[in-house]
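K.L.:
For reference, the structure I am asking about is given below.
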């Protein structure tokens, strides 16, 4: 456990140094106070780093520690005294379960709290995209209904050249145009100005109705226009489920991204246990090459796991695979590897 925390701390420090060097120009140009950089950004960025690499560093720490025991033939002495192989692995399993719980809490509850603050910091000081103004906004707000703005101001929630189109399959059934939109005095509604509403009938006829002002319910949240997919870490599990439901109700095209993220949060903690067992089995036998051989195998397996994870998560996001399968297949592959190595390990 000590080896794991030392390795992870050193790697986190390296990432922070490189990230600071990369963003130094932004910090200097915008005169960001140093205290705000430390406590407003990096204090909230570190949990994300810990979560992203914890499983890999558990794996490498297990290999490093167990290889040293094997090199000094301490494992042989333990096995010779009558202690079973599984009993010898028990402390590893208990430690891995502890880290699994910690990883789950990081994924689901701790990181979302800190990530909201990190996103707010980046939005204010780092991101170059305009956080207050959007142009040419196209969005599906519910099944068969599409919304368009030529521009939208996030400060006062007003927009211009609003179009709302309704479809039945591929056929447009109605089209509403308004010069402007703003929040209505009636809670939960929007006020449209200079409205022209066209209804298209099956016989080819059209009905046109004009309004100087129209209060109506439009199912959209302006905040969604300014949210990036990578900000999904700022959702806790409850918020993520609510967001998935809202996106599903409106027929969003990127719904698989959020569903895959939901399953990833449940799958990733189990990687800690699986990689611990693989690391223990790989490094429990003494090798002439010493620790270096075991670490080499560990790094190779780490890259294999990361490759599988990235590949299948991409398949889940694209909809090629069901998001749940995409999140769990890397774990299933390494569960098979762990079982095979544990069975074939020298007893």
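K.L.:
Where does each of 138, 294 land when they are ranked from fewest to most other beta-carbon atoms within 10 angstrom? Provide the component values of the computation, followed by the final result.
P.N.:
Details: 138 9, 294 26.
Ascending Cβ contact count within 10 Å gives the list 138, 294.
K.L.:
Moving on to the next point. Based on DSSP H runs of at least 4 residues, each adding -39500 (n - 2.57), what is the mean residue ellipticity at 222 nm of the chain after dividing by all its residues, to the nearest 500 deg cm²/dmol? Display every interim value, and only then the final one.
P.N.:
Working: 9 runs with 192 residues, N = 347.
Dividing the helical sum by the residues of the chain leaves -19000 deg cm²/dmol.
K.L.:
Let me ask you something else. For region 61-141, what is the convex hull (Cα atoms) projected area averaged across all directions, in square nanometres?
P.N.:
On the way: hull surface 42.1 nm².
Averaged projected area of region 61-141's Cα convex hull equals 10.5 nm².
K.L.:
Angle between the Cα long axis of helix 2-29 and the longest principal axis of the chain, 0 to 90 degrees, nearest 10?
P.N.:
Compared with the principal axis, the helix lies near 40 degrees.
K.L.:
Relative contact order of the chain, please, whole-number percent, based on alpha carbon pairs below 8 angstrom and at least 6 residues apart. Don't skip to the answer; put the middle values down first.
P.N.:
On the way: 488 pairs, mean separation 69.3, N = 347.
Relative contact order, the chain: 20 percent.
K.L.:
Helix 291-318 sits at what angle to the longest principal axis of the chain, using alpha carbons and giving 0 to 90 degrees rounded to 10?
P.N.:
20
K.L.:
Could I ask something else about it? Could you please rank 201, 243, placing first whichever residue has the fewest other Cβ atoms within 10 Å of its Cβ? List each step's numbers first, then the result.
P.N.:
Working: 201 9, 243 20.
The fewest-first ordering by Cβ neighbours comes to 201, 243.
K.L.:
Using a Gaussian network for the chain with springs between C-alpha atoms less than 10 Å apart, which of these wobbles most: 47, 330, 33?
P.N.:
33
K.L.:
Please report the base-10 log of the normalised intensity I(q)/I(0) for region 268-347, using a Debye sum with one equal scatterer per alpha carbon and no solvent, at each q in 0.27 (1/Å).
P.N.:
For the requested q values the scattering log ratios are -1.25.
K.L.:
Helix 255-283: angle to the longest alpha-carbon principal axis of the chain, degrees 0 to 90, nearest 10?
P.N.:
Approximately 10 degrees, to the nearest ten.
K.L.:
Then there is this: Suppose we take every Cα in region 198-347 and form the convex hull; what volume per residue is that in Å³? Write down the numbers at each step before the final one.
P.N.:
Details: hull volume 22.9 nm³, N = 150.
Convex hull volume per residue, Cα atoms: 153 Å³.
K.L.:
Please state, to two decimals, what the Cα-based radius of gyration of region 1-63 comes to when divided by 2.2 N^0.38 Å (N = residues).
P.N.:
On the way: Rg = 13.9 Å, N = 63, 2.2 N^0.38 = 10.6 Å.
Scaled against compact globular proteins, the figure is 1.31.
K.L.:
When the C-alpha atoms of region 1-119 are aligned to their principal axes, what extent does each axis show, in angstrom, from largest down?
P.N.:
Answer, in whole Å and largest first: 65, 29, 17 Å.
K.L.:
Also: Please identify, among 272, 186, 282, the residue showing maximal mean-square fluctuation in a Gaussian network model of the chain using a 10 angstrom Cα cutoff.
P.N.:
The residue with the greatest mean-square fluctuation here is 186.
K.L.:
Quick one: plug the Kirkwood hydrodynamic radius of the chain (C-alpha pairs) into Stokes-Einstein at 4 °C, 1.567 mPa s, and report D in µm²/s. Display every interim value, and only then the final one.
P.N.:
Details: Rh = 24.0 Å.
Translational D for this selection: 54 µm²/s.
K.L.:
Return the single residue from 107, 212, 44 with maximal mean-square fluctuation; model: Gaussian network over the chain, springs between Cα atoms under 10 Å.
P.N.:
212
K.L.:
Using only the alpha carbons, work out the radius of gyration and Dmax of region 144-218 in angstrom.
P.N.:
Considering region 144-218 through its Cα atoms, Rg and Dmax are 13.1, 44 Å.
K.L.:
With labels modelled as points extended 7 Å from the Cα through the Cβ direction, what inter-label distance (nm, one decimal) is found for residue 343 paired with residue 73?
P.N.:
Each label point lies 7 Å from its Cα, and together they span 3.1 nm.
K.L.:
To the nearest 0.05, how large is the calculated FRET efficiency for residue 39 and residue 210 if R₀ is 41 Å and r is the Cβ-Cβ distance? Before the final figure, lay out the partial values.
P.N.:
Numbers: r = 55 Å, r/R0 = 1.34.
Efficiency, from the Cβ-Cβ distance: 0.15.
K.L.:
Order these by the 10 Å Cβ neighbour count, fewest first: 224, 115, 156. The partial results should precede the final answer.
P.N.:
Numbers: 224 15, 115 21, 156 9.
By the 10 Å Cβ count, ascending, the order reads 156, 224, 115.
Bear in mind that the values in this text are calculations on the coordinates, not laboratory data. Fair warning: this is a prediction, and the values are worked out from it, not measured in the lab. Note that each Cβ is placed from the backbone with ideal geometry, even for glycine, and that neighbours are counted across all protein chains shown.
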